[in-house]
Structure formats: structure tokens, C-alpha cells
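A short worksheet on the structure shown next.
The values are calculated or read from the model by the stated rules, or taken from the named source; none is laboratory data. Only a predicted model underlies this, so the values are computations on that prediction, with no experimental measurement involved. Positions of Cβ are generated from backbone atoms using ideal geometry, with glycine treated the same way; all protein chains shown enter the neighbour counts. Just so you know, the surface numbers come from the protein's heavy atoms only, side chains and all, with ligands and any DNA or RNA stripped out. Shrake-Rupley method; radii C 1.70, N 1.55, O 1.52, S 1.80 Å.
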Amino acid sequence: MRRAKQLLLHTSAMTATSLLMRTIALVFQVYVAGRIGAAGIGLFQLVMSVYTLATTVAVSGVRLAATRLIAQQTGRGDDAAIRRATGCAMGYAAFLLYYLAPAAAAWVGDDRIILSLRVLAFALPFVAASGAMGGYFIAMHQSVKMSLVQLSEQFIRIGCTVLALLRLGGYGLEYACGALTLGMLASEVFSFLALLLLLLASLPRRKGRCRTPMLPSLLRITVPLSLSSYARSALSTAQHLLVPRGLRLFGGGAQAALAAYGVIQGMSLPILLFPAALIAVIADLIVPELTEAQVQGRLRGLGYMLERLYRLGLFFSMAVAGACFFFAHPLGELIYSEPAAGQDIRLLAPLVPIMYMDTLVDGMLKGVGEYRANMRYNIIDAATGLLLVWLLLPRYGVAGYLFSISATELLNFALSAARLTRVTVFRLQPLCWLLTAAAAVGGWWLLRLIFGRLLSRTGQPLILLLLVFLYLVCYGAALLLCGALRRDELSWLFSLLRGEKSPKT
């Protein structure tokens, strides 16, 4: 029970911090979109696609490796091995982006991304070291410290970016994107320094010599992860860089292609993924929990808790999907003043439960040591996406891109879920999915029945916020009425909040 309550407390703290960070980031994204437009957002997304590949090269699975190694030594109570594992992980980094920038620009066909990529190149060593330190804090159940650093990092990034935009934004999209990357560089340096100070203050100081060689254990995790991460990120980056090309071939100029890409990647998807903070936090926190449980042989009670968290995660993700689907157009208009954003939000909203639950299932697979299978499925996902983008976008345009996103998300989730059921006693409960989807539709029906008159006033921000809240209340009622949400699950959650004992956990 103590482990369940501890996980709940860490989840609550990190989710609150993450939601605050995402709110700040979303408001900032709206500000940036107003400054540089949809085409500028599209250009910046191309920069971020290449940077994501370079970050993968730099970090190379080190955060997951650090988390698992340190959690294993924590389960054994070996402080000296904890210190050795942390130091070994922090020494694992890479730095190549500066030299890859011209080649990436040639691939995209737009030299305006070179400046931004070269600015971001200097951030990579700090990203790599911060990833290792982040793994330590998650493994040691000190994730709140990391969350506070990330929140401070967000403010540093925004402040520096605004200052840089005011000085450079008037020189065109190339320098506007460069201003965004300067803010990112400043925030990564700050995050590294803050995490380093916290790490030095919290490392175990009890004397003892570690006789366990950590480098072979680290490499057994990082090498397969690195190779698969390189492949997956290269495929994913190529996919994103091909999108503007495919849209240009479909029809329209380069600016129109960048704008369409920017609306999907930089406007619509951030809205859909904004509430995913809860799922992402759980997926991170269950990795050390499952690893320690494997070492200590207490998987049965933790399996019960994970089943509960999975079902509650499904209820949450379906609520987000329903709210985004039924209120898509007013959300797009009010947040971005962009009708195309609302249309894309509605088209992608049914994928939200798949995307959210895939994140949760991935966390479970990593926690039980199935990270190789997880990366294998991610490579298949990225290769499929690249093929679909290559074939469909020149012929079907934006519709082809939306289809490729849907197909790859479904494929990844199906493969990961099938693997999880093979290696654990966990079951996916398809009936629960059907009942939850029915509750999402039933909640909308109840809302129209009771508050139908308010639906004509969704253009007003406060009315829209009220209607979304009322929809969630109606959805919760529908969950109880159709039997998807059971009373024992509510009792379990309330018992955690009150600190009472649960016989199964």
C-alpha cells in the first residue's frame, strides 16, 4: 500500500507540474504563432525534426538505462553501485548536429534551417548529461525535484526567446527560428546546471566500494537502444522532412505546404497532446517501480495497481478524445484563430485514446525490461510512416498525411499491447474500451439534452470552458451508468488518498 500511495503522490505532483508547463508552453505557442505565422511554425517544426534525431544520437537511451540500473541497485540497497551507475551514465554523450546542419538543409531544400540547427548543436552535451541525471531522480523517487527544474527551465526558455524574437524577429523566418533555438539553448544550459547541483547534494554518501562493473550493464541497455533509436529517429526525421515536399507535389507553393504542415504539427497536435501530461508522468514513474518489483519479487501486488492505473488512464484518455472531438472547431478558433486547426483536431481526436494508452503500455514494457521490443516496434512504426508519406502525400495531400498518422499510431499500439499480454498477466479488456467509448458519446448526448441552449455560445471562452467541464461531468455519469467505471475502483483511489490499507496492494 505504501508503494501505491507513493506512486500516486509522485504522479499527482509531476502531473500538476507538467500540466502547468504545458499550459505555459501552449500560451507561448500561441504567442509565437502570432509572431511568425503558420509558415514560420512549419519551418520551426522541420528544425525540431532534425534536432530530435540529433538528440537521440546524443542521449542514446541513457535516461532509461540510468533509471533501470539505479533502480536495480536501489532494490539491492547498494549505495556505492548507485554512485557508480550515475557517474557512468553521465559520461555517455555525443555531439554531431553542427556538422550535419548543411546536409539536413540540402535534404529539406531550405537553407533557412541551418542557423537554427547550428545554435541547437551547442545544446546537445547538456541534453545528454541532463538525461542521465533525470534517470537518477526518477529511479530514486525524487522526481519532484526534476519537475521543479523543468518548470524553471520553461520560464528561462520563454524569457530568452521573447528577448531574442524582439531583436531578431524582424529579419525574416530564418532569424525568427534562430531566436526560438537561442531560447532553447539557454534553457538546456540552465537545466544542466540546476540538476547537477541537486545531484551533488542528493547522491548517497555512505562509504563503500562498488565491486559491480557498471559499464557492461550500461552498454547492454544503451547499445541496442542506441542502434534502434538511431534507426527510428532517422526514419521519423526523414518522414517529417518529406511532408512539405509531398504537399508541394500535391499542389500549392512552398509557403502553403509549410503552413499546412505547421497547422497539423504545431497547432492541432499540441492541443490533442496537451492533457497527456498525466499519462506521460505515469509511464515514466512506473519504470523504476516495475524494475524494483522484479528485483524484490513483488510483482503480484504491483500488477493489481497497474491494472487500476491502466483503466483509469483509459477513462481519462477517452474523456480528452470526446472533449476534443465535440469542441474541436471552437478550440481551433479561440486558441489560434485558425479554422483549419479545428478541422484537424476533430479528425485526429479519435486517435487520442490510442496515442495516450500506447504511451502507458510503452512505459510498462520498459519497466519489465522489454525495451528492445519497444524500440523494434517503434522502428516498424517509423518505417511504415515514411513509406505512407512517400506514397500518399503527393496524391492525397493533407488527407494522406492524416491517414499516415492514424495508421502508424494504430500499428504501434497493436504491436506493443500484444507484446505486453505475452510477457505479463496483464489483459487489455476490450469490453472496457467499448463501454468507455459509449460513455464518451453518451456524455455528449446528456450535455445536449440538459444544456443544449449553451452550445450555441461556444465562441465565448468562459462558456466554452464551462461546457467542457459539464461534458466531463456528463461523461463521468455515463461511465457509472454503463458500468465501465466500477465502484471498487473509486474506493481503491479514495483509499490511496486517505492512506488506508488495501488487501491486494
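Points worth noting:
- Per-region count, segment 167-183, residues surrounded by fewer than 20 Cβ atoms within 10 Å (Cβ to Cβ) and at pLDDT 85 or above: 0
- Of the criteria (1) surrounded by fewer than 23 Cβ atoms within 10 Å (Cβ to Cβ); (2) under 20 Å from the mean Cα position of the chain (by Cα), which one MET267 fails: (1)
- Exactly one residue among LEU64, LEU46, LEU53, LEU19 is at pLDDT below 65, part of a helix (DSSP H, G or I) and either over 21 Å from GLU153 (Cα atoms) or under 19 Å from the mean Cα position of the chain (by Cα) (or both), and that residue is LEU64.
- The lone criterion from (1) out of contact with any Lys or Arg (no Cβ under 9 Å at 6 or more places or on another chain); (2) modelled with pLDDT of 75 or more left unmet by LEU299 is number (2).
- Within segment 473-502, the set of residues being in contact with a helix residue (DSSP H, G or I) (Cβ under 7 Å, 6 or more places away or on another chain), at pLDDT 75 or above and surrounded by fewer than 16 Cβ atoms within 10 Å (Cβ to Cβ) comprises ALA477, CYS482, GLY483.
- Flag if ARG419 is open to solvent by 90 Å² or more (accessible area, probe 1.4 Å) and in contact with a helix residue (DSSP H, G or I) (Cβ under 8 Å, 6 or more places away or on another chain): no
- Pairs, first under 15 Å from GLU188 (Cβ atoms) in segment 145-157, second open to solvent by 30 Å² or more (accessible area, probe 1.4 Å) and small (Gly, Ala, Ser), C-beta under 6 Å, six or more apart: ILE156/ALA186
- Set ARG395, ARG372: member being part of a helix (DSSP H, G or I), open to solvent by 10 Å² or more (accessible area, probe 1.4 Å) and touching a Pro at 6+ places or on another chain (Cβ under 7 Å): ARG372
- Members of segment 335-357 that are open to solvent by 10 Å² or more (accessible area, probe 1.4 Å) and in contact (Cβ under 8 Å) with a residue 12 or more places away in the chain: ILE335, TYR336, GLU338, ALA340, GLN343, ASP344, ARG346, LEU347, PRO350, LEU351, ILE354, MET355
- Of the residues making up segment 448-464, those that are open to solvent by less than 60 Å² (accessible area, probe 1.4 Å) and touching a residue at least 40 places away in the same chain (Cβ under 8 Å) are THR458, GLY459, LEU464.
- Criterion: at pLDDT below 90 and surrounded by 22 or more Cβ atoms within 10 Å (Cβ to Cβ) - qualifying residue of GLY332, GLY400, GLY322: GLY332
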